[in-house]
Amino acid sequence: MEEDLFQLKQLPVVKFRRTGESSRSEEDGISGEHEVQIEGVRTELEPVELGDGAAVPKEFANPTDDTFMVEDAVEAIGFGKFQWKLSVITGLAWANAMEMMILSILAPQLHCEWRLPSWQVALLTSVVFVGMMSSSTLWGNISDQYGRKTGLKISVLWTLYYGILSGFAPIYSWILVLRGLVGFGIGGVPQSVTLYAEFLPMKARAKCILLIEVFWALGTVFEVLLAVVVMPTLGWRWLLILSALPLLLFAALCFWLPESARYDVLSGNQEKALATLKRIATENGAPMPLGKLVVSRQEDRGKMRDLFTPHFRWTTLLLWFIWFSNAFSYYGLVLLTTEFFQAGDVPSISSRRQEVKAMCSLTCEYLTEEDYTDLLWTTLSEFPGVLVTLWIIDRIGRKKTMALSFLVFSFCSLLLFLCVGRNVLTVLLFIARAFISGGFQAAYVYTPEVYPTATRALGLGTCSGMARVGALITPFIAQVMLESSVYLTLLVYSGCCLLAALASCFLPIETKGRGLQESSHKEWGQEMVGRGSHSPG
């Protein structure tokens, strides 16, 4: 026996300690060092430090550690069949862009059919944004308190129900209320990004979230094509009903969606989280990590005060301004594009606006085939924005991608001060819209990455709410201020985006190459730094 014990003492044992990370439960203490004791005999082990960005060699994967976190499992399982299915189903929810695009088609139709004055037509659009603004934080709180799947499912079913019901509205007041309720439901749909991001390995996360944005562009294109077919024959009521088809399909498939394993771990539901991870591993044909899943229960989830802790206060305020600027500039450009094209060039806008102002407010024109073609072309500009952002976001980082997008938009806005022809005008507007939509997509990547699981949905929800504030204000600049001064209007948009570019640079955290933080009670990035090197992105 003594001889065997002597031989065991001579065996070399390696002890690993990761810098800046803890994958042990709190009972094990804050140290990341693992010690081996053999029948009461303590051996002195030489620690091996693994710096940030270094991966544990496969032959030493969890040699002495009997625990793993959700992030470990997601990285080990990698990207596979499960994530492909999730991409399609999440994309169907994200195709709610149809409900937004329909506003530009529905407004002129009702203006003519119901003889509505201009202010009532504008109110029909504004009420949707009011609904989105008022509900975004609420849906985020629900998703943090009761689960991502729960919040997303309720918001989609809400949007589907009132979207179909608005097709049967008999009078203006009815459709105004119903479209406001549709906007209330749409405010929760961005939570699909929260659910989606929490199932993605680190290397694939940015690319996949950006590709989900393609469904937004596809939804707008499909809405225009649907309007071309439906409006001349069946009318706007059928267009409203048929526009809910993607959400109807999502509602039928959403029962396949699992709850986020990160949320289950944070709410203390270890068995459910483990079952979800095993399901993903089975579908992907990948092995599960060995050991026991670490549970870090946190009761106080989805609290507004957590967004303003010393660690996140500056990030939250800067992100609110960035999201505000994104929506303010994006929707402002959409409104300005119509004015620029109808006037032919920028200097002619003021005189044209005065002529229109002198006309009766009840004068109306139905959308023509040429109008639908213009809508289609301006919508297609978002696809290059996705491709450019996709190419640069993992090369230069999230912060610099957002800053670059704002700078290019600001520069294009300033170039509009020049007296340019229609062709150059079209190119500038195309580039500006491509980059501002790319900046919006980069914000959708960055925001879920920077907040911990306990407040991730709420953080995204409040940012989305600030974006709707920008969307509400921008008509007063792009339409009202435009009557007074075209150049002052362009200067406002250019200046706003210049400030947003600076705000992007001043964000204290760069999330490129970082894992998702689980608990708000730990320092940011403590759980995962650099483990994505062995994930099959």
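Just to verify a number: FRET efficiency for Val480 and Lys81, C-beta to C-beta distance, R0 = 35 Å, to 0.05?
The value I calculate is 0.10.
Students sometimes get this wrong: rank Lys278, Lys399, Lys85 by accessible area, probe 1.4 Å, all chains present, largest first.
Descending order: Lys278, Lys85, Lys399.
Just the projected area, averaged over all directions, of the convex hull on the alpha carbon atoms of the range 470-520: how many nm²?
It is 5.5 nm².
Give me P(r) over the range 437-510, computed from all C-alpha to C-alpha distances, binned every 10 Å, as integer percentages.
Distribution as computed: 16, 41, 29, 12, 2 percent.
Determine the principal axes of the Cα atoms in the range 407-481, then give the extent along each, sorted from largest to smallest and rounded to whole angstroms.
52, 25, 14
Sequence-distant or interchain residues sharing an amide H contact under 5 Å with Lys292, placed H: which?
Here the answer is Thr67, Phe68, since their amide H atoms fall under 5 Å of that of Lys292.
Go ahead and run the numbers for FRET between Thr282 and Leu253, Cβ-Cβ distance against an R0 of 22 Å, rounding to 0.05.
That pair, Thr282 with Leu253, gives E of 0.70.
Mind checking the full-extension length gain between Leu317 and Leu103? Use 0.36 nm per residue of separation minus the Cα-Cα distance, one decimal, nm.
Extending this stretch completely gives an extra 74.0 nm.
Can you work out ³J(HN,Hα) from phi for every residue in the range 160-175, in order, using Karplus 6.51 cos²θ - 1.76 cosθ + 1.60 and θ = phi - 60°, giving whole Hz and x for Gly and Pro?
After applying 6.51 cos²θ - 1.76 cosθ + 1.60, I find 4, 5, 6, x, 5, 5, 5, x, 10, 5, x, 9, 4, 4, 5, 5 Hz.
Report the full-extension gain for the segment Glu113 to Arg237: residue separation times 0.36 nm, less the Cα-Cα distance, to one decimal in nm.
Value of the extension gain: 43.4 nm.
Just how much of Thr125 is accessible, in Å², when a 1.4 Å probe is used and the result is rounded to the nearest 10?
Probe radius 1.4 Å; accessible area of Thr125 about 40 Å².
Which percent of Cα pairs goes in each bin when the distances of the range 126-224 are cut into 10 angstrom slices starting at zero?
P(r) over the range 126-224, rounded to whole percents: 16, 37, 35, 10, 2, 0.
Based on the Cβ-Cβ distance of Lys272 and Leu157, what FRET efficiency does E = 1/(1 + (r/R0)^6) give at R0 = 22 Å, to the nearest 0.05?
So the FRET efficiency works out to roughly 0.45.
As I understand it, the dipole of the range 65-294 uses +1 on the Cβ of Lys and Arg and -1 on the Cβ of Asp and Glu, about the Cα centre. Which of Gln270, Gly285, Thr90 lies farthest toward its positive end?
Highest projection toward the positive end goes to Thr90.
Spin-label point model (7 Å from Cα, Cβ direction): what's the Trp377 to Thr150 distance in nm?
A separation of 5.0 nm, rounded to one decimal place.
So what does Arg514 come to for accessible area, using a 1.4 Å probe and Å² rounded to 10?
Only protein atoms counted, so the area is about 80 Å².
How far apart, in nm, are the 7 Å Cα→Cβ label points at Leu502 and Thr309?
Taking the simple label geometry, Leu502 and Thr309 are separated by 3.0 nm.
Can you list the GluC sites (Glu not before Pro) in the range 230-334 that are in a DSSP coil and have 15 or fewer other beta carbons within 10 angstrom?
Those that pass, being in a loop and sparsely packed, are Glu299.
Quick one: dipole size for the range 65-294, taken about the Cα centre, charges +1 on Lys/Arg Cβ and -1 on Asp/Glu Cβ, in debye to the nearest 20.
Its charge dipole is roughly 380 debye.
Keeping all protein chains in the complex and leaving out DNA, RNA and ligands, what accessible area do you get for Phe417 with a 1.4 Å probe, in Å² to the nearest 10?
It works out to around 70 Å².
What do you get when you divide the Cα radius of gyration of the range 65-294 by 2.2 N^0.38 Å, with N the number of residues?
Ratio of Rg to 2.2 N^0.38 Å for the range 65-294: 1.16.
Short version: ³J(HN,Hα) in whole Hz for each residue of the range 315-325, in order, from phi by Karplus 6.51 cos²θ - 1.76 cosθ + 1.60 (θ = phi - 60°), x for Gly and Pro, what are they?
4, 4, 5, 5, 5, 4, 5, 4, 5, 4, 5
The values are calculated or read from the model by the stated rules, or taken from the named source; none is laboratory data. All values reported here derive from a predicted model rather than from experimental measurement. Cβ sites come from the backbone with ideal geometry, for glycine too, and all protein chains shown count toward neighbours. Ligands, DNA and RNA are excluded from the accessible area calculation, which covers all protein heavy atoms including side chains. Shrake-Rupley method; radii C 1.70, N 1.55, O 1.52, S 1.80 Å.
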